[in-house]
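Novice: Got a structure here, written out as structure tokens. Questions coming.
The values are calculated or read from the model by the stated rules, or taken from the named source; none is laboratory data. Note that the structure is a prediction, hence the values are computed from the model and not measured. FYI the Cβ positions are ideal-geometry reconstructions off the backbone, even for glycines, and counts take in every protein chain you see. Side chains included, ligands, DNA and RNA excluded: accessible areas come from the protein's heavy atoms. Shrake-Rupley method; radii C 1.70, N 1.55, O 1.52, S 1.80 Å.
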Amino acid sequence: QVQLVESGGGLVQTGDSLRLSCEASGRTTMYFMAWFRQVPGKEREFVGIISRTGGTTNYADSVKGRFTISRDNAKNTVYLQMNSLKPEDTAAYFCAAGSDPGRRPSVYAYWGQGTQVTVSS
């Protein structure tokens with residue numbers, strides 16, 4: 001069983017940067033870790049994923065080149081560095097852990113409670 005807790009969200013302006021953290025209660029080295037986001041009334045959207053060792057990442061086209069996922073397995077923590085933020089990045093951001101890689105939320109067994117990111121124009 002893994003419990004995930006996100007932090008680092010907040011209100012920023014267009015062009016600003018923000019770093020989200022996702023701290024796990026247990027070891028996450030066996031899991032792929034991903035970030036998703038969701039706005040009210042819409043489906044949860046894939047943001048990016050990082051492999052077990054952190055050597056491979058993959059991103060949604062909408063954030064590629066602006067967002068970076070990293071992980072520190074010694075700290076059981078995954079990060080989402082968000083640069084050049086846009087109003088359309090406004091959403092609740094969730095981290096997730098799963099045994100298999102994928103872009104669909106159903107792939108992931110464990111989820112955090114989410115942290116809100118609001119980007120003002």
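Novice: Being over 17 Å from TYR110 (Cβ atoms) and over 13 Å from the mean Cα position of the chain (by Cα) is the filter; apply it to the range 27-48 and report the residue that is least open to solvent (accessible area, probe 1.4 Å).
Specialist: VAL39
Novice: Moving on to the next point. Being out of contact with any strand residue (DSSP E or B) (no Cβ under 6 Å at 6 or more places or on another chain) and free of Cβ contacts under 8 Å to residues at least 40 places away in the same chain is the filter here, so list the residues in the range 64-88 that pass it.
Specialist: LYS64, GLY65, ARG66, ASP72, ALA74, GLU88, listed by residue number.
Residue by residue, here is whether (1) farther than 20 Å from MET30 by Cα; (2) at pLDDT 95 or above; (3) open to solvent by 60 Å² or more (accessible area, probe 1.4 Å) holds:
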position: ILE50; (1), (2), (3): no, yes, no
position: SER70; (1), (2), (3): no, yes, no
position: ALA74; (1), (2), (3): no, no, yes
position: LYS86; (1), (2), (3): yes, yes, yes
position: THR90; (1), (2), (3): yes, yes, no
position: CYS95; (1), (2), (3): no, yes, no
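Novice: Sticking with this structure for a sec: Select from the range 106-117 the residues that are open to solvent by less than 50 Å² (accessible area, probe 1.4 Å) and either assigned to a loop (DSSP other than H, G, I, E, B) or of a type outside the set (A, V, I, L, M, F, W, C) (or both) and list them in ascending order. Give the derivation first.
Specialist: Initial filter on the range 106-117 (open to solvent by less than 50 Å² (accessible area, probe 1.4 Å)): 107-108, 110, 112, 114-115, 117.
Selection gives TYR108, TYR110, GLY112, GLY114, THR115.
Novice: Restricting to the range 1-23, name every residue that is surrounded by 14 or more Cβ atoms within 10 Å (Cβ to Cβ), of a type outside the set (D, E, K, R) and modelled with pLDDT of 95 or more.
Specialist: Selection gives LEU4, VAL5, GLY8, GLY9, VAL12, LEU18, LEU20, SER21, CYS22.
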